[in-house]
Amino acid sequence: MSDNITIELTNPACGLVADELEARKITQSEAARAMGIDKQLLNAIVNYRREISTEMAMRIERYLGIRAEFLLKLQTAYKLKKAQAEKADAINREVEPLVA
């Protein structure tokens, strides 16, 4: 009998922002106001419903001190892993490598 285990990937950049706000006891409203953004946007990010844009990463860096480049690298690595998990088989069937 074979058990299939599915692991749901979550955006680690969003999780890092959520964890930082919680650790520093900063409300989403306070953070959104300080960063000059809408509270709903920040809520969507910390609840994994929205990715972090380049501009947003810069705002987070300015406010929380988390490097924008680091956040975007985390997010890019996450997106690649997710795409590999979801699309690698189809791509391998559809695309012949130029060099084997």
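The values are calculated or read from the model by the stated rules, or taken from the named source; none is laboratory data. Nothing here was measured: the structure is a model prediction, and the numbers come from that model. Here the Cβ positions follow ideal geometry from the backbone for every residue, glycine too, while neighbour counts run over all protein chains shown.
List of remarks:
- Candidate set from the range 13-56 (those that are among the hydrophobic types (A, V, I, L, M, F, W, C) and outside any helix (DSSP H, G or I)); member that is nearest to K73 (Cα to Cα): I52
- Residue check, L98 free of Cβ contacts under 8 Å to residues at least 24 places away in the same chain and farther than 17 Å from T10 by Cβ: yes
- Summed over the range 1-20, residues that are farther than 24 Å from E69 by Cβ and either at pLDDT 95 or above or surrounded by 14 or more Cβ atoms within 10 Å (Cβ to Cβ) (or both) total 0.
- Near pairs, Cβ below 6 angstrom, 6+ apart or cross-chain, from the range 28-45 (farther than 15 Å from L64 by Cα) to any residue that is among the polar types (S, T, N, Q) and surrounded by 15 or more Cβ atoms within 10 Å (Cβ to Cβ): K39/Q28; N43/Q28
- Filtered residues of the range 21-40 (kept if buried (at least 16 other Cβ atoms within 10 Å of the Cβ) and under 18 Å from T10 (Cα atoms)): L21
- Qualifying residue in the range 57-74 (condition: in a helix (DSSP H, G or I) and in contact (Cβ under 8 Å) with a residue 60 or more places away in the chain): yes
- Among the residues listed as L80, L74, the single one being aliphatic (A, V, I, L, M) and within 25 Å of Q28 (Cα to Cα): L74
- Residues that are over 9 Å from the mean Cα position of the chain (by Cα), of a type outside the set (S, T, N, Q) and within 16 Å of L9 (Cβ to Cβ), drawn from the range 41-56: R49
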